[in-house]
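Only one structure is covered here, and it is reproduced in the block below.
Where a number appears in this text, it was derived from the coordinates with a stated rule and is not lab data. Everything quoted here is computed from the prediction, not taken from an experiment. When we count neighbours, we look across all protein chains shown, and the Cβ atoms used for this are built from the backbone with ideal geometry, even at glycine.
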Amino acid sequence: MPRMTVNERPVEYDMDPQTPLLWALRDASNLTGSKYGCGNGDCGSCMVLVDGAALRSCLITIEEAEGRFVTTIEGLSRDRSHPVQQAMVAEGAIQCGFCTPGIVMAGAALIQRNASPSKEDIEAAIPNLCRCGVYPRLVRAIERAGRVARRQETISAAPAPGISNEDAAEAVPALRPITPSSDPSDSGDD
Ligand code: FES
Ligand code: FES
């Protein structure tokens with residue numbers, strides 16, 4: 001069974017070695033921050049760090065990840081204080097958010113190897129698709145994250161969510177657990 005280190009913890013996946021890393025992370029490790037967008041390597045929403053490089057986790061199997069160090073968005077920072085996270089919030093570079101974890105991981109890998117990237121460097125290193133079109137803001141955010149990484153600027157940590165899971169379920173019906181009394185399809189006539 002493939003073994004690797006995920007977010008600094010040793011993991012052994014009791015799964016088919018050909019399982020894409022994305023599904024092992026999401027289904028077996030419950031690390032659902034990495035998203036499934038296309039499954040073809042086109043969108044980048046599944047991007048994670050493997051030995052520090054941003055890779056599309058839908059394209060590598062857990063057999064190929066054997067013995068490697070994997071970092072997901074959950075392991076990047078405990079409090080969303082990574083410069084890329086701070087700068088993306090500060091620049092409003094997060095819209096629907098679905099593509100955001102993959103973008104953050106690609107940006108983090110870039111800033112790690114080049115804290116003064118040009119616009120061209122950013123566009124080459126972050127090929128992720130974003131239907132909301134945050135690209136101009138994304139470039140500004142990554143440039144700003146580089147300044148933070150170079151200690152030329154500070155940004156306050158992104159605020160914690162201002163809502164509890166329970167309150168979110170109250171506000172968003174789709175988040176409520178289905179119970180016999182709340183499921184309209186359950187008439188109770190068995
Ligand atoms: S889901 Fe992996 S690149 Fe789109
Ligand atoms: S924020 Fe990327 S698709 Fe909307």
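Structural remarks
- Segment Asn40-Arg3, extension gain: residue separation times 0.36 nm, minus the distance between their alpha carbons: 10.9 nm
- Ascending count of other beta-carbon atoms within 10 Å, so fewest first, for Arg78, Arg150: Arg78, Arg150
- Karplus-derived 3J(HN,Hα) values for region 130-138, using 6.51 cos²θ - 1.76 cosθ + 1.60 with θ = phi - 60°, are 9, 5, 7, x, 7, 3, x, 5, 5 Hz; glycine and proline are entered as x.
- Close amide-amide hydrogen proximity is noted between Thr61 and Leu21, each under 5 Å apart and 5 or more residues distant or on a separate chain (H modeled in the peptide plane; Pro and chain starts excluded).
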